[in-house]
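Here is the structure we will look at.
The values are calculated or read from the model by the stated rules, or taken from the named source; none is laboratory data. All values reported here derive from a predicted model rather than from experimental measurement. When we count neighbours, we look across all protein chains shown, and the Cβ atoms used for this are built from the backbone with ideal geometry, even at glycine. Surface areas here come from the heavy atoms of the whole protein model, side chains and all, with no ligands, DNA or RNA. Shrake-Rupley method; radii C 1.70, N 1.55, O 1.52, S 1.80 Å.
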Amino acid sequence: MARRILWASLALTPLVVLGRFVFHFDETTLFVLAGLALIPLAWVIGESTEHAAEHTGAGVGGFLNASFGNAPELIIALLAVANGLPDVVRGSLTGSVVSNILLVLGAAMVAGGDGPVDARSLRWQLFTVLGAVAVLAVPSALSWSEVGERHSLYLLSLPVSVVLLVAYLVITVRNLRIHRAAERQTPSSSAWSLRRSIAVLAASTVATALVSEVLVHSLDHFGKAVGLNEFFIAAVIVAIVGNAAEHGGAVVIAHGGNTTLATEIAITSSMQVAVFVTPAVCLLSWFAGQGLPLTFRVIEIVTMAAAAAFATWVVWDGRSRRWEGFVLIAVYVLIATAYYFA
């Protein structure tokens with residue numbers, strides 16, 4: 001019954017698009033409809049990822065989910081840059097890294113309970129996030145001391161972006177080779193074909209990007225209506241919405257008992273945002289209208305580093321435990337509270 005309801009609720013996606021561009025619904029209605037529409041889309045992405053992982057293994061499956069799931073994040077960021085909202089972009093990128101590491105990983109552990117995780121892969125990726133934060137701290141620190149103006153800080157951000165992208169390429173190739181060699185398996189008879197899984201992933205990602213754009217378009221009105229500040233909206237609400245696919249997909253997969261794939265999705269997504277999406281937005285921002293310097297606030301740098309360090313400690317022993325998930329979620333709530341008062 002639940003699956004039928006989820007399949008039927010996919011009809012919300014065309015309703016949201018038509019309501020935004022044809023019928024011109026009011027923004028509060030659009031916000032509610034878009035939020036509801038993301039739920040079945042996240043489920044479909046999780047479902048197709050799990051079928052793809054039957055052919056590829058958990059490591060490659062997590063990479064596919066993160067790659068398709070982060071496409072809307074990149075699109076949303078570039079739209080915000082084009083609209084002259086650099087602080088919203090940086091806040092949403094920070095929030096994506098933190099929420100994937102703490103909220104998504106924590107929710108997956110709670111949903112999946114006790115189970116195995118690929119500690120070597122997760123530790124490697126979390127160390128990568130810590131390294132990315134250290135690199136991003138260089139241009140950020142200059143902005144804290146008010147040394148250099150916006151254009152010079154953007155020029156400094158360009159080589160930083162290139163370094164991060166090269167690191168991402170090297171690490172991704174290495175991880176995929178390890179997983180491909182270690183996770184060869186025979187898919188079950190009920191599994192979708194790999195081609196069908198990828199096709200559904202791609203279609204779901206496009207739909208998620210459209211719905212996310214509509215929801216982000218209505219966020220400003222929503223924030224003013226409820227009295228939330230711009231940084232909190234960017235770092236918490238936009239970040240969660242932009243990563244709805246990974247959030248829902250990881251929890252659905254964990255609930256099905258596949259804690260290895262679920263935790264891989266959460267951490268791979270966070271690593272991709274830190275080492276791929278962030279520098280890609282910086283490099284592409286010039287074409288979107290204005291260069292985006294990678295100058296994050298102190299609280300953003302500190303919370304990204306703290307989230308990665310805390311998650312490393314949790315996954316170090318290669319096991320997922322429900323109580324650890326609750327602890328990760330509690331830490332995320334504390335950080336979100338700090339964002340509210342920042």
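The figures follow:
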| quantity | calculated |
| --- | --- |
| Heavy-atom accessible surface of segment 1-97: percent carbon and sulfur, 1.4 Å | 71 percent |
| Isotropic mean projected area of the C-alpha convex hull, the chain (nm²) | 16.7 nm² |
| Estimated dipole of segment 248-342 in Debye, rounded to 20 [Cβ of Lys and Arg +1, of Asp and Glu -1, Cα centre] | 100 debye |
| Relative contact order of the chain, pairs being alpha-carbon contacts under 8 Å that are 6 or more residues apart, as % | 42 percent |
| 1.4 Å probe accessible area per residue over the chain, in Å² | 41 Å² |
| Where N is the number of residues in segment 187-342, Cα Rg divided by 2.2 N^0.38 Å | 1.18 |
| Surrounding net charge for ASP220, when Lys and Arg each add one and Asp and Glu each subtract one, Cβ distance under 14 Å | -4 |
| FRET efficiency for VAL138 and VAL333, using Cβ-Cβ distance with R0 set to 22 Å, rounded to 0.05 | 0.15 |
| Backbone HN-Hα couplings from phi across segment 30-44 [Karplus 6.51/-1.76/1.60, Hz, Gly and Pro as x] | 4, 4, 5, 5, 5, x, 5, 5, 6, 5, x, 5, 4, 5, 5 |
| Relative contact order for segment 1-160, counting Cα pairs under 8 Å that sit 6 or more residues apart, in percent | 11 percent |
| Length gained when the stretch SER189-TYR340 is fully extended (0.36 nm per residue, less Cα-Cα span) | 49.5 nm |
| Rg over Rh [alpha-carbon atoms, Kirkwood Rh] for segment 213-305 | 1.02 |
| FRET efficiency estimate (nearest 0.05) - Cβ-Cβ, VAL302 to HIS221, R0 25 angstrom | 0.20 |
| Residues with amide H under 5 Å from that of ARG297, placed H, sequence gap 5 or more | none |
| Stretch gain in nm, segment ARG123-ALA8, where the contour uses 0.36 nm per residue and the Cα spacing is subtracted | 37.5 nm |
| Amide hydrogen neighbours beyond the local backbone of ARG319, cut-off 5 Å, H modeled | VAL117 |
| Segment 206-342, relative contact order [Cα under 8 Å, separation at least 6], % | 25 percent |
| Charge context of GLY115, other residues only, Cβ under 11 angstrom, K/R +1, D/E -1 | +2 |
| Theoretical gain in end-to-end length, VAL173 to ASP114 [0.36 nm per residue, Cα-Cα removed] | 18.3 nm |
| Magnitude of the charge dipole, the chain, Cβ model with Lys/Arg +1 and Asp/Glu -1, debye to 20 | 700 debye |
| Space enclosed by the convex hull of the alpha-carbon atoms of segment 281-328, per residue, Å³ | 118 Å³ |
| Of LEU156, VAL129, ILE335, farthest towards positive along the dipole that unit charges on Lys, Arg, Asp, Glu beta carbons give the chain | VAL129 |
| Cβ-based net charge around SER320, under 13 Å, with every Lys or Arg adding one and every Asp or Glu removing one | -2 |
| Signed unit charges on C-beta, dipole axis of the chain, positive-most listed residue ASN229, SER99, THR205 | THR205 |
